[in-house]
Amino acid sequence: MRAALAGLPVSPIHYFETIGSTNDYAQSLAEQAAPDSALVVADEQTRGRGRLSRKWVTFPNAGLAFSLVLRPSPGEMNALGLFAPLWGLAVCRALREWLHLNAEIKWPNDVLVNRRKICGILVEAHWLGSNLQYVIAGIGVNVAPSSVPASGDLVFPATCVENELGRPIEREELLAAILTAFFAERARLGSAAFFETWMRWLAFKDEWVRVEGASGSHHGRVVGISPDGSLRLRAENGAEIEVAVGDVSLRAE
Ligand code: BT5
């Protein structure tokens, strides 16, 4: 893995065969002043976390689970809400350009292939009062068929890279491709090109969806993304609705 990551600006690299959650470990590193781009990778997670106390399953020898410590620059502070979609773009780019999979972003930041979830992203900002201390970004990708949890444990259908591709891959090469894409996307966070790419790879474009959010339930046709990362829907009566990123779940109708 270290050889595959040589040349990428990730340091230090912490690798575990098994761990509770790479996000929790990265947080403890950040508390001890770990620098931007410190990386934690694990083969297996026993307490992998999704959003809102949901679980993320990482079986041994099967997928990718990693977290990066991020210390946003002053310029990036205005675009904190775009960090999760930034990872969605990075994973999509790696899957599309390296493996030619038709990966899409389910707003705000799940990655789908053939309408099944292949990657989950958990970005956690840690504040002290009104001061941002650091951000932890955690990414889980299903790679081998054994990485996909039983369907009874899932709220949304799941898939994995090797099933979609029809052949095995090296996980560390996928990790390197995702991190390479991440640093490229990070350099243009919030730019016109960033939003264009997000729109191009947006799942359910022009389709009717229902979004459950903190502000209630919204039904509409997906029309786009606004500059703060909100999802723009067109309701049946023609009105435009903007749904902010938060506690949201989106499903096709
Ligand atoms: C996510 O949450 O999708 C974010 C997952 C982030 C996982 C990474 S792995 C490295 C780092 N360390 C951590 O502890 N976490 C991060 P959410 O949108 O809330 O989706 C969670 C839901 O996805 C669960 O309730 C399940 O239904 C489903 N799920 C769990 N494991 C899955 C898997 N391996 N593949 C597909 N779906 C899964």
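The values are calculated or read from the model by the stated rules, or taken from the named source; none is laboratory data. Remember, it's a predicted structure, so these values are computed and weren't measured experimentally. FYI the Cβ positions are ideal-geometry reconstructions off the backbone, even for glycines, and counts take in every protein chain you see. What goes into the accessible areas is simple: the full protein's heavy atoms, side chains included, and nothing from ligands, DNA or RNA. Shrake-Rupley method; radii C 1.70, N 1.55, O 1.52, S 1.80 Å.
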Residues that are open to solvent by 60 Å² or more (accessible area, probe 1.4 Å) and either closer than 21 Å to residue 51 by Cβ or charged (D, E, K, R) (or both), drawn from segment 120-170: 127, 133, 150, 151, 152, 153, 155, 157, 167, 170
Count of residues meeting criterion [within 8 Å of the ligand (Cβ to nearest atom) and either open to solvent by less than 50 Å² (accessible area, probe 1.4 Å) or not in a strand (DSSP E or B) (or both)] in segment 37-49: 4
Complete set of residues in segment 1-36 that are assigned to a helix (DSSP H, G or I) and open to solvent by 40 Å² or more (accessible area, probe 1.4 Å): 2, 3, 24, 25, 27, 28, 31
Subset of segment 233-244 that is under 27 Å from the mean Cα position of the chain (by Cα) and open to solvent by 70 Å² or more (accessible area, probe 1.4 Å) - its residue that is nearest to residue 80 (Cα to Cα): 242
Pair list, Cβ under 7 Å, 6 or more apart: segment 114-130 residue free of Cβ contacts under 8 Å to residues at least 60 places away in the same chain, other residue within 9 Å of the ligand (Cβ to nearest atom) and of a type in the set (Gly, Ala, Ser): 116/158; 117/158; 119/140; 123/137
Per-region count, segment 201-232, residues of a type in the set (A, V, I, L, M), in a strand (DSSP E or B) and over 19 Å from the mean Cα position of the chain (by Cα): 3
